[in-house]
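Engineer: Okay, handing you the structure first.
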Amino acid sequence: MSRFLEAAVCGVLAALCLAGPVRAGDAAAGEKVFNRCKACHAVGEDARNRVGPELNELVGRIAGTADGYKYSPSMQKAGADGLVWSLETLSTFLADPKTMVTGTKMGFAGLRKPADIDNVIAYLETFSKAADAGEVKSEPKEKKTEATPEKPVAQQPAKAANAAASSGGEGAGEHFHLGRVATAAEVAAWDIDVRPDGLGLPEGHGTVAQGEKIFDESCASCHGDFGEAIGRWPVLAGGQGTLRDDRPVKTVGSYWPYLSTVYDYIRRAMPFGNARSLSDDDVYALTAYVLYLNDIVTDEDFELSKSNFTTIRLPNQDNFIQDDREQEPEYADKGDPCMKNCVEGAARISMHAEVLDVTPEEKGDDKKPSAGIE
Ligand code: HEC
Ligand code: HEC
């Protein structure tokens, strides 16, 4: 509607127009402007709080009072001090949010063009029943900050993201608006790694005898009664002295450097197909039993616990060394490796992949890509 037409309508229906200030905003154009708010705000049916509060019934709302939304202290204070969203206050706010509400967490620099401001307000008005009547919701609502049992680790979007959004343009940053921040309980559930020095071990304990019982029930069907393995499932015991053989048998006893890996592995991944079903005590007992199967402990009553865990050393630990290529005698003399034009003269094909028998045969295709360049 043009300004002229609106003025004319107001002339005829003065009573209607007096109810509120005359705005030239065009709601349809405002819908497009609202695309810049959409990353953070929703309106309409089913609108929910997102990065910012839902904006239904905005006109007449006391600032900082959308149900269930966690506002910045600044916005809450602005509302408590009497800021009510009207066409005027919205105009001021949307032109420069951070000047009007210092400390707001709205990561948005503001709309530069007055027409955009008018239009987006006109659009938002269409979702506000109170807009024309000039009503104000009577009481600020109790804020439901304690509604969720598990509080997200970080409740406010990262400051950096906010900064990026306000300097880089509307809707930038704010974690791309995908997913949500993991809760402390979720992080704890994933954060189960155990270090060789014992950091990360849970409280708990279990004996070899207890472990044997669980092993027979939940592990032996694949790994064999004595860790010797059924069929081609992994071997868990034996293999000592085979590491230099053509086919070394690498087990916890013959090869693994640290017991922490055994605990971590069983706890994280076993029994295969039913991971994370074991209690921490079960895992201590099973780890003790795997030690027993490998003759690293020999007493059935041996109890492994958080407190004695790091006293156990696996036999092969010392053979794991820092692999510092620069100083290893094996590599130190060799100088810088050649990275280009390493062959003198023209490259010559010395063998075809077909001869190596790695390429599936196909009739009438003699010129296969070659492998092996001399
Ligand atoms: C990057 C995210 C983001 C964008 C983009 C954004 N806002 Fe916000 N907005 C917020 C956040 C967060 C708040 C809560 C501010 C606070 O608590 O300090 C907010 C608050 C508001 C409020 C106050 C609401 C209330 O209940 O008190 C209004 C009005 C508002 N925004 C309008 C808009 C409009 C209109 C646009 C688009 C032109 C827009 N916002 C763009 C994040 C954003
Ligand atoms: C359904 C068969 C199956 C069952 C049951 C099973 N495992 Fe496993 N286990 C596997 C497979 C498969 C791997 C190797 C997984 C891989 O390499 O990704 C493995 C690997 C392991 C390893 C590491 C072995 C190595 O040297 O890499 C340990 C230790 C282990 N299992 C312990 C257990 C314990 C303890 C139980 C009982 C609570 C158990 N497993 C039950 C199939 C099984």
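Engineer: Once Lys and Arg get +1 and Asp and Glu get -1 on their Cβ, which of Pro257, Leu236, Gly211 lies farthest toward the positive end of the dipole of segment 206-264?
Structural biologist: Pro257
Engineer: Taking θ = phi - 60°, what integer Hz values does the Karplus form 6.51 cos²θ - 1.76 cosθ + 1.60 yield along segment 40-49, in sequence order, with x for Gly and Pro?
Structural biologist: 10, 10, 10, 9, x, 4, 6, 4, 10, 5
Engineer: Sticking with this structure for a sec: Apply 1/(1 + (r/R0)^6) to the Cβ-Cβ distance of Leu199 and Ala24, taking R0 = 51 Å, and write down the FRET efficiency to the nearest 0.05.
Structural biologist: Approximately 0.20, to the nearest 0.05.
Engineer: Further question on the same structure: Whose amide H sits under 5 Å from the amide H of His352, counting only residues 5 or more places off or on another chain, with H placed in the peptide plane?
Structural biologist: Ala371
Engineer: Please report, in debye to the nearest 20, how large the charge dipole of segment 205-319 is about its Cα centre when each Lys and Arg carries +1 at its beta carbon and each Asp and Glu carries -1 there.
Structural biologist: About 560 debye.
Engineer: Moving on. Arg325 versus Arg268, label points 7 Å from Cα toward the beta carbon: distance in nm?
Structural biologist: Distance between label points: 2.5 nm.
Engineer: What does the charge add up to near Glu45, with Lys and Arg as +1, Asp and Glu as -1, over the other residues with Cβ less than 14 Å from its Cβ? Could the numbers behind the result be given before it?
Structural biologist: Numbers: positive: Arg48, Lys129; negative: Asp46, Glu54, Glu57.
That sum, taken over residues with Cβ under 14 Å, equals -1.
Engineer: Given a Förster radius of 56 Å and the C-beta distance between Glu228 and Ala353 as r, what FRET efficiency does 1/(1 + (r/R0)^6) yield to the nearest 0.05?
Structural biologist: Numbers: r = 39 Å, r/R0 = 0.70.
Computed FRET efficiency for Glu228 and Ala353: 0.90.
Engineer: Shifting gears a bit: Nothing charged except the Cβ atoms of Lys and Arg (+1) and of Asp and Glu (-1): what's the magnitude of the dipole of segment 244-284 about its Cα centre? Round to the nearest 20 debye.
Structural biologist: 180
Engineer: Over what distance in Å are the Cα centres of segment 192-227 and segment 293-344 separated?
Structural biologist: Going from one Cα centre to the other spans 23 Å.
Engineer: Does segment 205-319 classify as rounded, prolate or oblate by the C-alpha gyration tensor (a ≥ b ≥ c root eigenvalues; a/c under 1.5 gives rounded; else a/b over b/c gives prolate, otherwise oblate)?
Structural biologist: Taking the square roots of the gyration eigenvalues as a ≥ b ≥ c, segment 205-319 is oblate.
Engineer: Still on this structure, I have one more. What FRET efficiency comes out for Lys306 versus Arg276 if R0 is 25 angstrom and r is the Cβ-Cβ distance? Round to the nearest 0.05.
Structural biologist: 0.85
Every read-out reported here was derived from the displayed coordinates using simple, explicitly stated rules and does not represent laboratory data. Computed from a predicted model, the values in this text were never measured in an experiment. When we count neighbours, we look across all protein chains shown, and the Cβ atoms used for this are built from the backbone with ideal geometry, even at glycine.
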